[in-house]
Amino acid sequence: MSQPAATAPAFRRIAIERYAIELNGQTIGEVAKARSVNHRGQVSKPVWIATAEVAHPFGVRHVRDLRGRTRRDATARAINAHNHLCATLVLDLCRIDEQRRAAAQSPYMRALKGNNR
């Protein structure tokens, strides 16, 4: 049986040349067009810069400065970073959270809490 294909990202305009990246109805980051100016006042070609964020039990993790020549390239990097964080960091943090909650509910921990009054 094949896995369902990931839907294409949708963009919601936040400001001029700045968009929120939405994947499966969830906002996963932002992408914006940027230019840099060197010390001589020369302006570079436009570059798209994306950020990705993932919520986990202990807060939110951000990945910044994902550059691409086009909005599609930067968005693809943000989606890859989001998927990587979900597959590694968030699973580990959720596992730690579950272990700590289970340890707090154990009879040993309840006995320790009772003795510390």
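In order along the range 11-28, the Karplus-derived 3J(HN,Hα) couplings, from 6.51 cos²θ - 1.76 cosθ + 1.60 at θ = phi - 60°, round to 10, 10, 5, 9, 8, 5, 6, 9, 9, 8, 9, 10, 10, 6, x, 10, 6, 10 Hz, and Gly and Pro are given as x. Note that the range 54-65 has calculated 3J(HN,Hα) couplings of 9, 8, 9, x, 10, x, 10, 10, 10, 10, 10, 6 Hz, one per residue in order, obtained from phi through the Karplus relation 6.51 cos²θ - 1.76 cosθ + 1.60 (θ = phi - 60°); glycine and proline are x. With the biggest extent put first, the Cα atoms of the range 10-115 measure 69, 35, 22 Å across the principal axes. The trypsin sites (Lys or Arg not before Pro) of the range 58-96 meeting both criteria, a DSSP state outside H, G, I, E and B (loop) and at most 14 other C-beta atoms within 10 angstrom of the site's C-beta, are ARG69.
Values quoted throughout were computed directly from the atomic coordinates according to the rules given, and no laboratory measurement underlies them. The structure presented is a predicted model; accordingly, all values stated were derived computationally and were not measured. Virtual Cβ from ideal backbone geometry, glycine too; neighbours counted across all protein chains shown.
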